[in-house]
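Enquirer: The following block contains the structure, expressed as structure tokens.
Throughout, read-outs are computed from the coordinates displayed, never taken from laboratory work. None of these values were measured; they are calculated from a predicted model. Cβ sites come from the backbone with ideal geometry, for glycine too, and all protein chains shown count toward neighbours.
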Amino acid sequence: MTSLLSLSLIIIPWLGALVVWRVGDNHPKWQHGLAVFFSVLAGILALLMIPYASSEVVFSLPMGSLFGELTFVSDGLAVALAAIACVVGSLAVLFSVDYMHGERQLGRFYAFVLLFIGAMTGLVLSSNLLFLFFFWEITALCSYALISFYNDDPKAVAGGMKALIITQFGGVGLLVGALTVFGQLGSYQIPNLIQHASNLPSGLLAVMGFGFLLAAAAKSAQFPFHTWLPDAMEAPTPISALIHAATMVNAGVYLLARFYPVFAPVPGWSFAVMLVGLITALLTAVMALTAMDLKRALAYSTVSQLGYMFYAIGAGGIFASQLHLLSHAVFKALLFLAAGSVIHSVGTRDMRKMGGLGKQMPFVRNVFILGALALAGFPIMNGFWSKELILEEGLKNTPWWAYGGMLIGAGLTAFYTLRMTWMVFFGEPREALHAHDAGKAMKISLGILAVGSFTTWLFVGGFSEMLARTLPFHEFHVLTLGALIEEVLFAPATYVALGVVMLGLAISWMVRKQATGPVPEALEVLSRESFGLDWLNRQIAKVTLRSASILQKTQTGEMNWNVVGIIGALALVLGILLWSAS
Amino acid sequence: MEITPYVLLSLGAVFCAYRAVRSHRLLASSLYLAGVSALVSVMLFLLGATEVAVIELSVGAGLVTVLLVYALSVVGEDAQDPVSVVPRPLAFVLVALVAGLIGWMTLPLMPLPQATRDLLLVDVLWKKRALDVWIQMVLIFSGVLGILGLLAESKTIKEQALEEEGMMESVSFVIAHQEAETQDIEATPEEV
Amino acid sequence: MNILNVVLFTVMCLLGVGLYGLLITRNLIKVVVVLQLLVKSVVLAFVLAGNVSGQPGIGQSVAATVIVADTVVAVVALALAVQVRVRFGTLDIQKISSLRG
């Protein structure tokens, strides 16, 4: 039963992708309807799988001695992330029915979205390291294709290329790790690795650990790879909500969470993870302060919150990081989709042109406020509980300056969140923009996500129990709802953090006129160049593209040169054979 | 010595092959190819594969040569083979490397058990390899179809060209006729 | 120096001359000639291998199959070459190559 469910979670979206593509762009209503059908079906199936989570292998297909076996394990981590991917995916597709109304080439759009949903579930369900890498690459491909969806816009194409090159660069770390495991243990299976991790020589384990950290940092846009995510905002907004807020960027966090028991003993690894999270969270929070593009501000905010999750993993609080992942997926998707409604109706992403839109778009304003409160960590909202858990873990296990930094980050988060909300929905309108409230399909998705943003923390008991039951090596402690409330409400650290958040909100309110005005030139340039790192990432992209065009010259299409290639390769192979035989 | 015919055949075949590749006129190339075919066929016969030798001779020296000559006549003897794109020294080095490596790996082999003429098991083995026979029949059939398709088109191209020519003539005739009519119509009011 | 070595030497030389021809030639029909040359070396090699391994029957039947298959290939290739001449007006590989870059 569970094997059928887990397989169907991958196959149904992929089947949907094929069907929507074949239906053709002349029947847009069919394409919208079929896409919604397949993604909602996947979402329901993913939710159905939650009670059946177990640590056993649910599906196994031998693929020969080179690839090992294609295995899927539906344990707590996998099921949680698969549920997030499918449910948020279906809400984003539902939203797209209104957002992409009248756009051309819908087949390409929906096919890649569904392909992505299937690949993401495959990634989290996979228990074979090599196949995890394959699904990882498929999600990167879909991300590139969807960022560059408007492929006659050079900015979109450049953004897509940059995202692809940087995430692939990190993917090398994952591949190196996978091959190292195979070389040492002879098998790609993850449970095998976790059990025998202590048998690996420590130098190799360190190489693997930092390789995985590289891959996770590149995929989740952490320091120093954080510049591709803001440029990826050229994608249509449902894509930004799905891929760059709720699912694909969580793949890095998932990777580190799953392999935590393997690498925790490596000296310096946890510290490195925590440091990466800390630097990213603070750096991008500052950049979000000065952003003028609504989606860019949300992108920086996403990276900052992912930094919190990395920090949590570095501090050893895996459960805290996963709970924050869940909360963040819900409220960030809500914020992006609400922003999408705004952008779609006023036609611009520049916040300097917006203002006072709350009167014209009351529903969107209300849900945006809910999402913003969750992001800032206001009590009752799900973001509050998960952020407090993270900060508590940090207080216990990390140096005082790291904890202090994250506290400041929480304050900054509150500050820029209020600034963003004020600039868009309140105050005097800066330009006479005509806005209409969200359409029906948009309202449904937004409503569901808004309800989720203050209810998902109620499931903490079941969530932690599922994780503890199915992931024995991670040593989870079961945290019931009552225990959570007690722990958070009665810890003094909570009130310190709450104080900082309130301080941030208050300061933001008081300086709202200056904060939403023009930003000092120096700060703006610094943020735009991502403190010098954007130059590094641009160089990487440029070098890659230039070497690609140089290699293009070897493809002459002339038989004589092709035969030279064949004979040269033959000579090489013969040489190797002779040399190894001697 | 038993080995003499082999040596002579071998040298002859290599010489003919070299001439086939390096001659400028295609007709000479195909004739040298026929020569190689004949010499290799004799060598096969000496090795004991009599049926294969017969097939090789009739097909290689007969069928392929005739086809090449026919193709050359249809195409028209093209200009001399132009200078090659790949520099000659490079080609020479590559080939010497590959052939040398393979030769080095295989030449110091054990001497072969002398091939005896009475091991003619080809007939018996056609039963084992009946699938090969079927595949060859399918291959020949599809080859024939391919040829018919390709060569038939070339005829229709000529016919189409002729048709177009004819149509052009008739169209120009119609235009001339129409011009004449309009001239008549213009002329009549004057008369009236 | 026995018969095996001589025949093997022939196979190597024919192979080498054939590969050299593939690298050098620019005329489409000459390519067909060179391919036929390579096939002859392969046939010789198969018969030789059959004899050496003590299964002359299999070696010979595979050699016969190879001759038939490659003859069909040569015939279709010649028909294609004729068509290329009709449509492109030239048989030079460099000039008719459109799969560039």
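Enquirer: Check cross-link reach from A:LYS387 to the lysines: straight Cα distance under 18 Å, and skip same-chain residues fewer than eight apart.
Expert: Leaving aside lysines fewer than 8 places away in the same chain, those within reach of A:LYS387 are A:LYS332, A:LYS396.
Enquirer: Can I ask one more? Could you calculate the contour length gain from A:PHE459 to A:ARG352, that is, 0.36 nm times the residue separation minus the distance between their Cα atoms, to one decimal place in nm? Let's see the in-between values first.
Expert: Details: separation 107, 0.36 × 107 = 38.52 nm, distance 3.93 nm.
Here the answer is 34.6 nm.
Enquirer: For region A:1-265, rounded, prolate or oblate, judged on the Cα gyration tensor with a ≥ b ≥ c (square roots of eigenvalues), a/c < 1.5 rounded, else prolate if a/b > b/c? Don't skip to the answer; put the middle values down first.
Expert: Working: a/c = 2.24, a/b = 1.43, b/c = 1.57.
Oblate shape, in that a/c is at least 1.5 and b/c is the bigger or equal ratio.
Enquirer: From the C-alpha gyration tensor of region C:3-96, pull out the three semi-axes of the equivalent ellipsoid (sqrt of 5λ each), sorted largest to smallest, in whole Å.
Expert: Calculated on Cα positions only, the semi-axes equal 32, 16, 5 Å.
Enquirer: Mind checking C:45-52 for the average number of partner chain beta-carbons within 10 Å of each residue's beta-carbon?
Expert: Values: counts 1, 2, 10, 6, 1, 7, 9, 6.
Mean number of neighbouring Cβ atoms from other chains: 5.
Enquirer: Further, regarding this structure: As a check on your grasp of the helix formula, calculate [θ] at 222 nm for chain A: sum -39500 (n - 2.57) over DSSP H runs of n ≥ 4, divide by the residue count, round to the nearest 500.
Expert: Numbers: 27 runs with 425 residues, N = 582.
For chain A, the value works out to -24000 deg cm²/dmol.
Enquirer: To continue, here is another question. First obtain the Kirkwood hydrodynamic radius of region A:255-351 from its Cα pairs, then insert it into the Stokes-Einstein equation at 37 °C and 0.692 mPa s, and state the resulting D in µm² per second as a whole number. Please report the intermediate quantities before stating the final value.
Expert: On the way: Rh = 14.5 Å.
My calculation gives 226 µm²/s for D.
Enquirer: How big is the equivalent ellipsoid of region A:84-165 along its three axes, where each semi-axis is √(5λ) from the Cα gyration tensor, reported in whole Å from largest to smallest? Spell out each step's value before the answer.
Expert: Working: eigenvalues 111, 63, 14 Å².
One finds semi-axes of 24, 18, 8 Å for region A:84-165.
Enquirer: Next up: Between A:LEU61 and A:ALA432, what is the label-point separation in nm under the 7 Å Cα-to-beta-carbon projection?
Expert: Placing both labels 7 Å along Cα→Cβ, they lie 6.1 nm apart.
Enquirer: How big is the shadow of the Cα convex hull of region A:530-582, averaged over all directions, in nm²?
Expert: Values: hull surface 24.2 nm².
Average of the hull's projected areas for region A:530-582 equals 6.1 nm².
Enquirer: Could you list A:THR139, A:THR247, A:THR556, A:THR455 so that the one with the fewest beta carbons within 10 Å of its beta carbon is first and the one with the most is last?
Expert: Fewest-to-most ranking of A:THR139, A:THR247, A:THR556, A:THR455: A:THR455, A:THR556, A:THR139, A:THR247.
Enquirer: Of A:LYS387, C:LYS95, how do they rank once you tally other Cβ atoms within 10 Å and put the fewest first?
Expert: Working: A:LYS387 31, C:LYS95 12.
Placing the least packed residue first, the sequence is C:LYS95, A:LYS387.
Enquirer: Follow-up. Starting from the 7 Å offset along Cα-to-Cβ, what nm value, one decimal, do you get for the label separation of A:PHE363 and A:ASN397?
Expert: The answer from the label model is 4.3 nm.
Enquirer: Could you work out the relative contact order of chain A, using alpha carbon pairs under 8 angstrom and six or more residues apart, expressed as a whole percent? Write down the numbers at each step before the final one.
Expert: Working: 950 pairs, mean separation 76.9, N = 582.
Relative contact order here is 13 percent.
Enquirer: Can I ask one more? What number, in nm² with one decimal, is the all-direction average of the projected area of the convex hull of the alpha-carbon atoms of region A:30-144? Each step should come with its number before you reach the end.
Expert: Numbers: hull surface 30.6 nm².
Mean orientational projected area (region A:30-144, Cα hull): 7.6 nm².
Enquirer: Need one number: nm distance between label points at A:ILE576 and A:HIS196, each 7 Å from Cα along Cα→Cβ, rounded to one decimal.
Expert: If labels sit at A:ILE576 and A:HIS196, their model points lie 2.6 nm apart.
Enquirer: How large is the convex hull of the Cα atoms of region A:158-206 per residue, expressed in Å³ as a whole number?
Expert: Values: hull volume 3.9 nm³, N = 49.
Per-residue hull volume (Cα only) is 80 Å³.
Enquirer: Same structure, new question: Using the 10 angstrom Cβ neighbour count as an exposure proxy, how do A:LEU574, A:LEU323 rank, fewest first? It would help to have the intermediate numbers written out before the result.
Expert: Working: A:LEU574 17, A:LEU323 29.
The fewest-first ordering by Cβ neighbours comes to A:LEU574, A:LEU323.
Enquirer: Follow-up. Report, largest value first, the span of the C-alpha coordinates of region A:1-88 along each principal axis, in whole Å.
Expert: Principal-axis extents of region A:1-88 (Cα, largest first): 44, 32, 19 Å.
Enquirer: Here's another thing I want to ask about it. Could you tell me the relative contact order of chain C? Use alpha-carbon pairs under 8 Å, at least six residues apart, and round to a whole percent.
Expert: On the way: 79 pairs, mean separation 28.1, N = 101.
For chain C, the relative contact order is 28 percent.
Enquirer: Let me ask another. Using r as the Cβ-Cβ distance of A:PHE490 and A:SER54, and R0 as 30 Å, what FRET efficiency do you calculate, to the nearest 0.05?
Expert: Working: r = 35 Å, r/R0 = 1.15.
Between A:PHE490 and A:SER54 the formula returns 0.30.
Enquirer: Right, something else. Once every DSSP H run of n ≥ 4 in chain C is given -39500 (n - 2.57) and the sum is divided by its residues, what mean residue ellipticity at 222 nm do you get, rounded to the nearest 500 deg cm²/dmol?
Expert: Values: 4 runs with 84 residues, N = 101.
That comes out to -29000 deg cm²/dmol.
Enquirer: Could you pull the Rg and Dmax for region A:344-494, using just the Cα atoms, both in Å?
Expert: Gyration radius and largest Cα-Cα distance of region A:344-494: 19.1, 59 Å.
Enquirer: If you don't mind, there's one more thing I want to ask. Two decimals, Cα atoms only, Kirkwood Rh: what is Rg/Rh over region A:165-320? Mind dumping the intermediate values first?
Expert: Numbers: Rg = 16.0 Å, Rh = 15.9 Å.
Across region A:165-320, the Cα-based Rg/Rh ratio is 1.01.
Enquirer: Residues of B:137-149, mean number of Cβ from any other protein chain within 10 Å of their own Cβ, rounded to a whole number?
Expert: Working: counts 1, 1, 8, 5, 1, 2, 9, 3, 1, 6, 7, 1, 3.
Counting Cβ atoms of other protein chains within 10 Å of each residue's Cβ and averaging gives 4.
Enquirer: Moving on. Based on Cα coordinates alone, diagonalise the gyration tensor for region A:268-528, multiply each eigenvalue by 5, take square roots, and list the semi-axes in whole Å, largest first.
Expert: Details: eigenvalues 202, 92, 45 Å².
For region A:268-528, the semi-axes come out at 32, 21, 15 Å.
Enquirer: Could you sort the peptides B:135-147, A:344-356, A:406-418 by per-residue average Cβ neighbour count (10 Å cutoff), highest mean leading? Show your work: numbers first, answer last.
Expert: Details: B:135-147: 14.3, A:344-356: 17.4, A:406-418: 23.9.
Peptide ranking by packing, descending: A:406-418, A:344-356, B:135-147.
Enquirer: Across peptide B:9-15, how many C-beta atoms of other chains are within 10 Å of each residue C-beta, on average? Write out the running numbers ahead of the final one.
Expert: On the way: counts 3, 9, 4, 1, 8, 7, 2.
Average per residue, whole number: 5.
Enquirer: Starting from the exponent 0.38 and prefactor 2.2 Å, build the expected Rg for the protein assembly as shown from its residue count and divide its actual Cα Rg by it. Mind showing how you got there, number by number?
Expert: Numbers: Rg = 36.9 Å, N = 875, 2.2 N^0.38 = 28.9 Å.
Relative to the 2.2 N^0.38 Å estimate, the protein assembly as shown comes out at 1.28.
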